[in-house]
């Protein structure tokens, strides 16, 4: 359904000579519905069509998805010969009014400014420690507690759970998209394909787990976690939808304990190892989600691809990158992730 009154008001504002406006549904297809907008004007009869998309499935689950479809339509319809032209993209606002957002060349987000110190700074310091200090432990407890709390908010939607599993593998910002940004020679296409194919198998394995769908941040990595005290932090850049498997957030953070230690020592040790294990212990204790270890693999594949990417981290030696891919491949071949076996996962695969 569309807000007919709001659209009529918009039409009368855009077309100053509109005397009468009538709206009638034309029909529905697989993706959405079309509505005829008929106008009587001082120049005679005019008619347009308003299209709406169904808000579930086919990648249209969030309002931003549907906006992106229509903004692309606005840009591309006019470029193809013999194609119907798009007039505008309409946004229905929380107050029920409709306004134009079409015709933009580029779009920007205005948001609040925040202050703090990102968690990368803690990880850099952690590398030189043999044990966690009390400040380190307080921060890990606060992050684990926060995630356990937001993940306790559940949603019943097979569509959104399946979407998260699909996106973590095939989204342009996730595994396959990140691999496509790799400079040639970083990793062979065949090795990429092995990882991608294993993730496809995991997609089938995870599909029955729709009860795990939870509220998530979606990009809970150290650069997006800004601490303002030992326990208080503020977050940036929530990404790729509000719902998914908690594994998304857990791997986004925990991969970095491995990554920072690996770059320095070639394995997971010292305070980074303690932090990695403490984070999992605290999260499972607070959330009760012991099943997390059975779903982590494809999410670690994505996060491994991120930290091994020379576009993002150009100072990573090839030997370190190779161990990251060992880790990813071995974890994907393991039914249940063992937080005590990271160094075994980092060893050569023997393939």
If you fit an axis through the alpha-carbon atoms of helix 4-14 and take the longest principal axis of the Cα set of the chain, what angle between them do you get, 0 to 90°, nearest 10?
70
Alpha carbon convex hull of the chain, projected area averaged over orientations, nm²
21.3
Using Cα centres only, tell me the gap between region 152-209 and region 316-345 in whole Å.
17
What 222 nm value per residue comes from the helices of the chain, counting each DSSP H run with n ≥ 4 as -39,500 (n - 2.57) and dividing by all residues, nearest 500 deg cm²/dmol?
-13500 deg cm²/dmol
Under the 7 Å Cα-to-Cβ spin-label approximation, residue 40 and residue 228 lie apart by a distance in nanometres of 5.9
Rounded to the nearest 10 degrees, what's the angle between the helix 247-265 long axis and the longest principal axis of the chain, both from Cα atoms, 0 to 90?
40
Quote the relative contact order of region 53-197 in percent (integer), defining contacts as alpha-carbon pairs under 8 Å separated by 6+ residues.
12
If you count, for each residue, the other Cβ atoms within 10 Å and average over each peptide, how do 335-341, 46-52, 267-273 line up from highest to lowest?
267-273, 46-52, 335-341
For residue 265 and residue 190, FRET efficiency with R0 = 30 Å and r from the beta-carbon atoms, rounded to 0.05?
0.55
D (µm²/s, integer) via Stokes-Einstein for region 265-316, Kirkwood Rh across alpha-carbon pairs, 25 °C, 0.890 mPa s: value 188
Quick check: the angle from helix 318-332's long axis to the longest principal axis of the chain, C-alpha only, nearest 10 degrees?
70
Rg/Rh (Cα only; Kirkwood hydrodynamic radius) as it applies to region 152-230:
1.07
At a threshold of 8 angstrom on Cα-Cα distance, excluding pairs fewer than six apart, so keeping six or more, what relative contact order does the chain reach in percent?
15
Inter-part distance where region 25-57 and region 281-307 are each reduced to a Cα centre, Å:
45
Coordinate range along principal axes, alpha carbons of region 196-351, Å, largest first
41, 37, 30
Could you tell me the relative contact order of region 4-100? Use alpha-carbon pairs under 8 Å, at least six residues apart, and round to a whole percent.
19
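Read-outs: derived from the displayed coordinates by stated rules, not from any lab. The shown structure was predicted, so the numbers you read here are calculated from the model rather than taken from an experiment. Every residue, glycine as well, gets a Cβ built from its backbone with ideal geometry; the counts of neighbours run over all protein chains shown.
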